[in-house]
Amino acid sequence: MSLPGKILVTGGAGFVGSNLCARLLDEGAEVSVFDSLFREGTRENLAWLQTLGPVRFTQGDTRNFGEIDRLVRETRPGVIFHLAGQVAMTTSMRDPRRDFETNVLGTFNLLEAVRANCPEAVTIYASSNKVYGGLAGLELVEEAHRYSAPGKPQGVDERCPLDFQTPYGCSKGAADQYMLDYARVFGLNTIVFRHSTIYGGRQRATFDQGWVGWFCQQALAVKADPQREPFTIAGDGKQVRDLLYIDDAVECYLRAARLGAKARGEAFNIGGGIENSCSLLELFQILEEMLQVRLEPTRLPWRTSDQKFFVADGAKAGAHFGWKPTTARREGIAKTLEWARKVS
Ligand SMILES: NC(=O)c1ccc[n+]([C@@H]2O[C@H](COP(=O)([O-])OP(=O)(O)OC[C@H]3O[C@@H](n4cnc5c(N)ncnc54)[C@H](O)[C@@H]3O)[C@@H](O)[C@H]2O)c1
């Protein structure tokens, strides 16, 4: 089933955005991308997209209401994927003002543009597991290579209390709540996805964000030069996230957009699920096997408010969208390694 009307993707030159746009172009959709090209690698992503089909590109900044409002007014999209954002907790600690302006003001500006110009549009926002804070109350068991949460065998669901911590947690959380509230008070068709780790091709992973891709790059560097200085990890490496491969994430976005108003005002935890959960140490074991290297990172202190365990319980998403991830973590890691080879 095709999506209604024109499609606007903010942050469409980023990792999730460019993969999503590629799929939309493949389905013959009319796609507009709005992106400041702030993130490294976005020009290459955009150039790649433009080889796939006609993309209307606007270079602009969501912090500037006039820029996003003009585009929304001119295109009047039927579906908006709001992916533009400041994406790293560490960066938010270094520059909390930019984080606030990008994530809170940028999202508010988009919502106001939608309310004024196309209130029927289905608007889906990429929020974060960070809205649940450090999950300090979650009972954990420390195993040899990971933490587990026996009381949450399927992971954390959306009833988990919100607890915004760090500037990034606050800004994503505020934007998440604005999205839901605009459904409540203005009747907009907004939907919120809360993600932890999405990974795969076209991600420009850094020390600050995109840990699977980043450690794939580090493993390749060790393979190329086993004597090099060891890379670092924050904490003990047993922290667990559920890995969501990008193709599965894209499929979920499309299904939600098709469902549209029926999911309005709802938040969904969207991840790879317990079967695809992985600790840093487990990722290193997989990479060691795949590359026949020995990985011996140096430990740094824990990052502020880092969750020792977060796995998304996907039951609500499954019930609404008939969706579940299909890419097993080993397969996704192998593909991410291929991508890391290209960009390393
Ligand atoms: N990748 C993940 O694992 C993950 C996890 C949780 C949440 N998310 C959220 O998903 C969304 C997409 O993430 P991603 O991994 O594709 O990140 P990304 O950095 O690759 O993409 C974000 C895009 O937004 C653009 N951008 C940044 N500030 C902007 C601004 N003020 N105006 C216009 N464009 C701007 C960047 O240039 C970039 O192209 C983000 O909101 C992120 O917080 C991602």
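Distances between placed amide hydrogens fall under 5 Å for residue 273 paired with 312, all partners being 5 or more residues away or on another chain. Normalised radius of gyration (Cα atoms, divided by 2.2 N^0.38 Å) for the chain: 0.95. Calculated accessible area for the range 1-101 comes out at 46 Å² per residue, all protein chains present (probe 1.4 Å; ligands, DNA, RNA ignored). Placing pseudo-labels 7 Å out from each Cα toward the beta carbon at residue 342 and residue 223 gives an inter-label distance of 1.6 nm. Label point of residue 181 set 7 angstrom out along Cα-Cβ; within the range 132-164, amide nitrogens under 18 Å from it belong to 132, 162-164. The portion of the accessible surface of the range 97-186 made up by carbon and sulfur, rounded to a whole percent, is 53 (1.4 Å probe; DNA, RNA and ligands excluded).
The stretch between residue 43 and residue 232, if pulled fully straight at 0.36 nm per residue, gains 65.2 nm over its current Cα-Cα span. In the chain, the calculated helix contribution to ellipticity at 222 nm averages -12500 deg cm²/dmol per residue, counting -39,500 (n - 2.57) for every DSSP H run with n ≥ 4. Bridges between two residues of the range 26-157, per DSSP, are antiparallel at a rate of about 20%. From the alpha carbon centroid of the range 236-252 to that of the range 187-212 is 9 Å.
For residue 32, neighbours were defined as the other residues whose beta-carbon sits under 11 Å from its Cβ, and their charges (Lys and Arg +1, Asp and Glu -1) total 0.
For residue 315 and residue 258, calculate 0.36 nm times their separation in residues minus their Cα-Cα distance, and state this gained length in nm to one decimal. Result for the pair: 18.7 nm of gain on full extension. The HN-Hα couplings worked out from phi for the range 217-225 by the Karplus form 6.51 cos²θ - 1.76 cosθ + 1.60 (θ = phi - 60°) are 4, 5, 5, 5, 5, 5, 4, 6, 8 Hz, whole numbers, x standing for Gly and Pro. Solvent exposure of the range 192-237 amounts to 36 Å² per residue of accessible area, where only protein heavy atoms count and the probe is 1.4 Å. DSSP bridge analysis restricted to the chain gives an antiparallel fraction near 10%, rounded to the nearest 5. Amide hydrogen proximity for residue 57: with H placed 1.01 Å from N in the peptide plane, the residues at 5 or more positions away or on another chain lying under 5 Å are 33. Over the range 1-84, what percent of the accessible surface lies on carbon and sulfur atoms, probe 1.4 Å? Here it works out to 48 percent.
Once R0 is set to 35 Å, what does the formula 1/(1 + (r/R0)^6) return for the Cβ-Cβ distance between residue 116 and residue 2, expressed as a FRET efficiency to the nearest 0.05? Plugging the Cβ-Cβ distance into 1/(1 + (r/R0)^6) gives 0.85. Beta bridges from DSSP with both residues in the range 93-251: antiparallel share about 15 percent, rounded to the nearest 5. Rounded, prolate or oblate for the range 1-131? Axes are the square roots of the Cα gyration tensor eigenvalues, ordered a ≥ b ≥ c, and the cut-off for rounded is a/c under 1.5. Since a/c reaches 1.5 but b/c is at least a/b, the shape of the range 1-131 is classed as oblate.
Full extension of the chain segment joining residue 331 with residue 292 gains 12.3 nm, where the gain is 0.36 nm per residue of separation less the Cα-Cα distance. Shape of the range 201-344 from its Cα gyration tensor (a ≥ b ≥ c, root eigenvalues): rounded if a/c is under 1.5, otherwise prolate when a/b > b/c, or oblate? Prolate, since a/c reaches 1.5 and a/b exceeds b/c. Using a ≥ b ≥ c from the Cα gyration tensor of the range 290-344 (square roots of the eigenvalues), is it rounded, prolate or oblate, where a/c under 1.5 gives rounded and otherwise the larger of a/b and b/c decides, a/b for prolate? Judged from the Cα gyration tensor, the range 290-344 comes out oblate (a/c at least 1.5, b/c at or above a/b).
Between the C-alpha center of the range 1-72 and that of the range 91-117 there is a gap of 18 Å. Listed cross-link partners 152/308; 172/262; 6/342; 130/262; 130/152 are compared with a 21 Å cut-off, the Cα-Cα value being larger for 172/262; 6/342; 130/262. Across the range 127-136, computed HN-Hα scalar couplings (Karplus, 6.51 cos²θ - 1.76 cosθ + 1.60, θ = phi - 60°) run 9, 9, 5, 5, 5, 8, x, x, 6, 4 Hz from first to last residue, x flagging Gly and Pro. Converting phi to 3J(HN,Hα) with the Karplus coefficients 6.51, -1.76 and 1.60 and the offset θ = phi - 60°, the range 159-168 yields 7, 4, x, 6, 7, 6, 9, 6, x, 4 Hz in sequence order, with x at every glycine or proline.
Close amide H partners of residue 123, meaning residues 5 or more places away or on another chain with modelled amide H under 5 Å apart, are 80, 189, 190, 191.
The values are calculated or read from the model by the stated rules, or taken from the named source; none is laboratory data. If you're wondering where the values come from, they're calculated on a predicted model, not measured in any experiment. Heads up, the Cβs are rebuilt from the backbone with ideal geometry, glycines too, and the neighbour counts pull from every protein chain shown. These accessible areas exclude ligands, DNA and RNA; they are computed on the full protein's heavy atoms, side chains included. Shrake-Rupley method; radii C 1.70, N 1.55, O 1.52, S 1.80 Å.
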